[in-house]
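Data first, discussion second: the structure below is written as structure tokens.
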Amino acid sequence: EPEVTQTPSHQVTQMGQEVILRCVPISNHLYFYWYRQILGQKVEFLVSFYNNEISEKSEIFDDQFSVERPDGSNFTLKIRSTKLEDSAMYFCASRGYEKLFFGSGTQLSVL
Amino acid sequence: AQSVTQLDSQVPVFEEAPVELRCNYSSSVSVYLFWYVQYPNQGLQLLLKYLSGSTLVKGINGFEAEFNKSQTSFHLRKPSVHISDTAEYFCAVSDQWAAGNKLTFGGGTRVLVKP
């Protein structure tokens, strides 16, 4: 089965630093997403992306967050100035006809 | 607004016993329902989905779920579990299933299968 690939699997950063989480969606998919899961809490939608623009975003996705598809294969989530509460598992997903495929996640730890 | 409640945070079960994971949702309009499984150190994998049609949905690995509109439930069942079914299971809902629409997840149920 095709896979969504996320790198790195773990990222540790200092509060206030910028981080970029990377994802390679499935090649013929057109819709891309970021979700996150804070430890012990629900998986939460952050943003969806189509045709090089954001389709929908949650209230979590504030000005500190941005997404980009820089080169037609990668899909990135940038957090400009990380806060302690940004520590979470971040999942990338891409969508085919009916099925949403998730990556294995990047565990972000903000110290 | 949509919400999903998974009533059990953890379910211990013996190998070859049946298991049922409960999921209730609230949604003001049409509803599309999903169950995902997350094995340790892996991403979320779709087990099954209800988009329309038969209310009994069969998925991978012997799992099935039944959509009950009157009870706003979508419980997941397996008649006989294996050790390899140890994982976390997430119920999710969407009010549309056009591309770009988001999923709203429940809090997850951790299944521990004991020998």
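Taking 18 Å as the limit for the C-alpha separation, the pairs A:Lys83/B:Lys102; B:Lys49/B:Lys78; A:Lys42/B:Lys58; B:Lys49/B:Lys69 exceed it in the case of A:Lys83/B:Lys102; A:Lys42/B:Lys58. Between segment B:71-93 and segment B:1-15, the alpha-carbon centres lie 8 Å apart.
Of the DSSP beta bridges with both residues in segment B:33-92, give the percent that are antiparallel, rounding to the nearest 5.
Within segment B:33-92, antiparallel bridges account for around 100 percent of the total.
Here the Gaussian network model covers chain A, with springs between Cα atoms less than 10 Å apart; of A:Val24, A:Val47, A:Val12, A:Val12 fluctuates the most.
Averaged over the residues of A:31-37, the number of partner chain Cβ atoms lying within 10 Å of the residue Cβ comes to 3. Amide H contacts for A:Met15 (H built 1.01 Å from N in the peptide plane; partners 5 or more residues away or on another chain; cut-off under 5 Å): A:Leu111. Determine the shape class of chain B: with a ≥ b ≥ c the square roots of the Cα gyration tensor eigenvalues, call it rounded for a/c under 1.5, and otherwise prolate if a/b is greater than b/c, oblate otherwise. Prolate, since a/c reaches 1.5 and a/b exceeds b/c. In summary, the protein assembly as shown shows an alpha-carbon radius of gyration equal to 1.01 times the 2.2 N^0.38 Å reference for compact globular proteins.
Quantify how strongly other chains surround peptide B:42-52 by giving the mean number of their Cβ atoms within 10 Å of each of its Cβ atoms.
4
The candidates A:Met15, A:Met89, arranged from most to least accessible area with a 1.4 Å probe in the full protein assembly, appear as A:Met15, A:Met89.
What separates the Cα centres of segment A:1-71 and segment B:28-53 is a distance of 19 Å. Overall shape: prolate for chain A, with the ratio a/c of the largest to smallest alpha carbon gyration tensor axis at 1.5 or above and a/b above b/c. Scalar couplings 3J(HN,Hα) for segment A:43-56, obtained by applying the Karplus form with A = 6.51, B = -1.76, C = 1.60 to θ = phi - 60°, are 6, 10, 6, 10, 7, 10, 9, 8, 6, 6, 8, 6, 8, 7 Hz; x denotes Gly and Pro.
Modelled label-to-label distance, B:Leu51 and A:Glu1, 7 Å Cα→beta-carbon offset: nm? With each label point 7 Å from Cα toward Cβ, the separation is 1.6 nm. Each Cα pair under 8 Å and six or more residues apart adds its separation to the average, and for chain B the resulting relative contact order is 37 percent. A DSSP coil position with no more than 10 other Cβ atoms inside 10 Å describes the following chymotrypsin sites (Phe, Trp or Tyr not before Pro) in segment A:15-111: A:Tyr97.
For the residues B:Leu46, A:Leu39, a 1.4 Å probe over the protein chains yields an accessible-area ranking, largest first, of A:Leu39, B:Leu46.
When B:His82, B:His75 are compared by accessible surface with a 1.4 Å probe, the order from highest to lowest is B:His82, B:His75.
The values are calculated or read from the model by the stated rules, or taken from the named source; none is laboratory data. As the structure is a computational prediction, the values presented were derived from the model and not from experiment. Counting neighbours? That spans all protein chains shown, and the Cβs are built from the backbone with ideal geometry, glycine included. All accessible areas refer to the heavy atoms of the entire protein, side chains included, with ligands and DNA or RNA removed. Shrake-Rupley method; radii C 1.70, N 1.55, O 1.52, S 1.80 Å.
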